[in-house]
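All remarks here apply to the structure that follows.
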Amino acid sequence: MGLWAAVKAQRLGMRTILIDSGGLGQGASYGLVGALMAHLPDKWSDKKQFQFDALVALEDEVARLESETGVSCGYRRCGRLIPLPKPHLADIARRHSLDAETRWLTGDRQFHWHVLDKTPHPEWLNASIGEAGVAHDTLAGRASPRRFGAALVAALKQGHHVRIIENNGVVRFDGREAILADGSRIAFGHAIVANGYEAFPLLETLGAPRLLGMPVKGQSALLKAHVDTSLPVIFLKGLYVVPHEGGTVAIGSTSEEEFDEPFSTDDKLDALIARAREISPMLADAPVVERWAGLRPKAIDRDPMIGRHPDHPHILALAGGFKVSFGVAHKLADAALDALAGRPMAVPPSFLLENHLTVARAAV
Ligand SMILES: Cc1cc2nc3c(=O)[nH]c(=O)nc-3n(C[C@H](O)[C@H](O)[C@H](O)COP(=O)(O)OP(=O)(O)OC[C@H]3O[C@@H](n4cnc5c(N)ncnc54)[C@H](O)[C@@H]3O)c2cc1C
């Protein structure tokens, strides 16, 4: 989120300092999975419209970033297969299909929620998993989180407007100064707080009645498997199987609100890998090349947390992307910069920092 905001600020010619307590792009965004998943097309809302528009726009955003930097983001609108193990799920999927026809369109682009009798790729998705068929969504995609981050960093390093400070995080704010871990002070006109799950405690120091959000641990793995990179992502009950460039397939993710060791993996990941091998014959013997865990930022009202702090208008939030950050961060960064410039923000009201503060107050 912060990298996108800095890239967009640079393009606007704004003098910017990007401060990271660690190395750039090494937080939750340094994961393996990179699924770009749409919300279901039913019960349409401003939130679903925002995410749809963001997923469509990402294609051009990535093309521009790649042409500016020469760094591939490993992006592809590859679609998604969702096995339907029970007949009633096929009925629901057919309703989603009609919803998609009226909702998943923009200009001359139309995306679909097809309902198929059986898997179109039996070696990739085991036919016995979807007894009642398979839903095939053509909006979903994937990107390589690490390459994506590297492209954003490369874009920043090409320009001259963004000064980068690494391994020296913001500890607190004192008026219009940020106090860094080494005691130095950085004066600012506006500050965008975009430090993942650690944004919540930092924003709480500005006055919040209770916790504004929490970290949710996720575990994932990377397998070596030379599969066709045009294959769709598979999604089944929280399990993602994502084909990436370079002969790898990512598997994710656990969702753990309670944990002792945030950055290590355990038997919960083993179980996930075993499930992936069951549903995808191509992965049966694929060796695991990496296991990785990270902390997702989940805001109190679950939605992203964006915009000016009502009591400290020179400080803005850009956090809380939880499980969908990669598909929306570019659009949220635009919105944060609009707010900073005093323009209205084109985001659903539930995303506003002000809304999250209200929810936090009501929960006391
Ligand atoms: C296992 C797993 C799988 C996931 N899969 C997907 C997926 O398929 N698709 C998807 O869209 N999302 C996915 N997510 C969620 C996604 O990774 C996160 O929502 C996203 O990375 C959050 O981005 P961020 O910029 O808010 O935070 P981060 O990427 O965590 O970045 C925060 C940055 O702030 C820095 N920082 C922290 N504290 C300070 C401070 N005090 N001062 C300065 N800097 C600081 C950190 O060093 C870090 O660089 C997954 C997450 C996990 C854990």
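The values are calculated or read from the model by the stated rules, or taken from the named source; none is laboratory data. Just so we're clear, the structure is a prediction, and the values are computed from it rather than from any experiment. Note that we place each Cβ from the backbone using ideal geometry, even for glycine, and neighbour counts take in every protein chain shown.
Give me the pairs: first residue in segment 13-25 and touching a residue at least 60 places away in the same chain (Cβ under 8 Å), second residue in a loop (DSSP other than H, G, I, E, B) and away from the ligand (no atom under 14 Å from the Cβ), beta-carbon distance under 7 Å, and six or more apart or on different chains, which are they? Correct list of pairs: Gly13/His161; Met14/His161; Arg15/His161; Thr16/His161.
With the condition being within 10 Å of the ligand (Cβ to nearest atom) and in contact (Cβ under 8 Å) with a residue 12 or more places away in the chain, I'd like the strands (runs of 3 or more DSSP E) fully within segment 264-325 carrying at least 3 qualifying residues.
Details: elements: 288-299, 305-309, 312-319.
Output list reads 288-299.
The residues of segment 58-111 that are farther than 30 Å from Ala151 by Cα and of a type in the set (A, V, I, L, M, F, W, C), listed by number, are Ile82, Leu84, Leu89, Ala90, Ile92, Ala93, Leu98, Ala100. Quick one: Ala54 ticks every box in (1) under 27 Å from Ile279 (Cβ atoms); (2) within 16 Å of the ligand (Cβ to nearest atom) except a single one, so which number is it? Condition not satisfied by Ala54: (1). Of the residues in segment 143-162, at least one is away from the ligand (no atom under 14 Å from the Cβ) and either part of a strand (DSSP E or B) or at positive phi (or both). Within segment 100-125, residues that are under 19 Å from Phe235 (Cβ atoms) and of a type in the set (Asp, Glu) have Cβ atoms under 6 Å from residues that are in a loop (DSSP other than H, G, I, E, B) and modelled with pLDDT of 95 or more in these pairs: Asp117/Gly133, counting only partners at least 6 apart in sequence or on another chain. Of the strands (runs of 3 or more DSSP E) lying entirely inside segment 1-117, not one carries at least 3 residues that are out of contact with any helix residue (DSSP H, G or I) (no Cβ under 8 Å at 6 or more places or on another chain).
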